[in-house]
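Remarks on the structure that follows.
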Amino acid sequence: MASSKRLVVPMTFILLSGNTTTLATINNPTPEKLHEGFYAEHGFSIENDNLLHFVATPTFIKHCEELKISNQRLYEQDGAFFICSNIVENGMITSNLVTLDSVLPSMIIRIPYEYKSHIKTKLNEKHGINAASIYPELPAVSAYLKEKYKRKAISLDDKYEIVKSNVNENMRGRRWAEFFIILKMDKSGTFVCGRSYPNCKDRHLTIDNIKEIVRQIVQKNRNSSEVISIFVANSNEDYVSVNWILRAQWISPQLTGFLKPMSIGVTDEDDISWVENKSYSVNAEFYENHSFVDDTHLYVYNYKAYQIFKNAYAEMKKAYQQMSILDFLQERIKWETAIAQCSRDFGDFGISKNKDFNDFLEAFLTVSGAADNLRMYRTYKDRTPQNLERLVKYDFDDIEKHLPIIENGLHEWRVQISVADTDIESINFQKQKKPLFTFTQTIPVSENALVVFINESKAKTRTWL
């Protein structure tokens, strides 16, 4: 393993390196065999305790001039290399290794695949770090030169899908287009974009390729729009969880003054501004572990909470039809708790990887949110009864519009997901296990760090103890 940091090792490395070389060539090594091999290679012997100590002690190789002769690759890479050791138990050398994994990292930095090519280019241009300098053997130099000078041609037409688009015609007199893109999968079912998972074999697209897709879409639509916003997801799951790998916005140079929206990032020569989400792969892993829920469970959770909501809503609707608006808003206290709890539950059950099913589940949030709005209207002391009546009627109309969608959807999705009666009976959303979120500190806190206290009048600081 190599890194950019040089580490000094003990003087015993000379013995250790020779000892390790000998150890690696012996099958079923024993101290006796290792003594024989060590003596044959170096012409002298060492004590058994020292030998076993060297075998069991992992270490880093010191970068020095001697490496230029003994191992040119280690010298050229100018990094830190780790020699694994064997675990010694009761004087016996086992085949189990003490690896670098046993050393806890001070921090973990994840680099998405899409940025690999870009980073390699910058390392070469700014620091001269490339395959030829890291692997100075002739085949590596030849491969590097071929890679450097060959022309790369890749078709992008079949590498993405526009899953949603719309144009707002009258946003301050502007034509504002939005495009939502999912990078496609190849015929074998693996992501062509290089998602950092074991099943991703075809890694064709880099971040520059993805930006080229955006530029093509802008070029096709710039004559019919004055603002174009593009959202790129790496997968269907990322689209559902709004985890964009890239966001872009093109603004027509003809727009000026209040008609010109604020740029979302640094604007390039094509009048496109970019937001690169370099942590999208970490977000995807988080959503996979903590947000996505099996569709059967998700269906039953929402179905059962909806039954509670329907009963509370029926009482609320009856009271609304029989009372004045002011009396109704006060009467709502009786079912307020049930409605508020349903609103929280619908938003807390999780999300589906099926974007169509996920769109259907949004209806539960819509009706519960509209019903929960009524609690807020009680605080509007300066509103007239007529004004309150309009607000309340709007929310009731919204609920009534979505209830048939929910009723029909529950039947259709139950068939499509194959939810059985036993699932309805056995799955209890009120006993749903919630993920436990823990924070593991990976960057040590400096002894000179400050704890900052902020209040309305002033900020205070004190030295970290």
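The values are calculated or read from the model by the stated rules, or taken from the named source; none is laboratory data. Worth saying up front: this structure is predicted, and the values here are computed from it rather than measured. Cβ sites come from the backbone with ideal geometry, for glycine too, and all protein chains shown count toward neighbours.
Tabulated data
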| quantity | calculated |
| --- | --- |
| Within the stretch 27-56, considering residues that are in a loop (DSSP other than H, G, I, E, B) and of a type in the set (A, V, I, L, M, F, W, C), the one farthest from Phe82 (Cα to Cα) | Phe44 |
| Qualifying helices (runs of 4 or more DSSP H) (wholly inside the stretch 287-350; at least 3 residues being at positive phi and in the same structural domain as Gly409 (by TED's automatic domain parsing)) | none |
| Residues satisfying the stated conditions in the stretch 263-284, i.e. in contact (Cβ under 8 Å) with a residue 60 or more places away in the chain and of a type outside the set (Gly, Ala, Ser) | Trp274, Glu276, Lys278, Tyr280, Val282 |
| Out of Val300, Val282, sole residue that is more than 30 Å from Tyr380 (Cα to Cα), of a type in the set (Val, Ile, Thr) and modelled with pLDDT under 80 | Val282 |
| Filter result (surrounded by 17 or more Cβ atoms within 10 Å (Cβ to Cβ) and more than 25 Å from Thr30 (Cα to Cα)) within the stretch 76-96 | Gln77, Gly79, Ala80, Phe81 |
| Residues located in the stretch 57-76, provided they are within 28 Å of Asn96 (Cα to Cα), among the polar types (S, T, N, Q) and in a helix (DSSP H, G or I) | Ser70 |
| Residue check, Leu123 aliphatic (A, V, I, L, M) and either surrounded by 14 or more Cβ atoms within 10 Å (Cβ to Cβ) or modelled with pLDDT of 60 or more (or both) | yes |
| Of all residues in the stretch 166-223 being among the basic types (Lys, Arg), at pLDDT below 75 and under 23 Å from the mean Cα position of the chain (by Cα), the one that is nearest to Trp244 (Cα to Cα) | Arg195 |
| Count of residues meeting criterion [farther than 22 Å from Tyr115 by Cβ, in contact (Cβ under 8 Å) with a residue 60 or more places away in the chain and in a helix (DSSP H, G or I)] in the stretch 237-262 | 3 |
| Single match in Ile325, Ile351 (criterion: in contact with a Leu (Cβ under 6 Å, 6 or more places away or on another chain) and either aliphatic (A, V, I, L, M) or surrounded by fewer than 17 Cβ atoms within 10 Å (Cβ to Cβ) (or both)) | Ile325 |
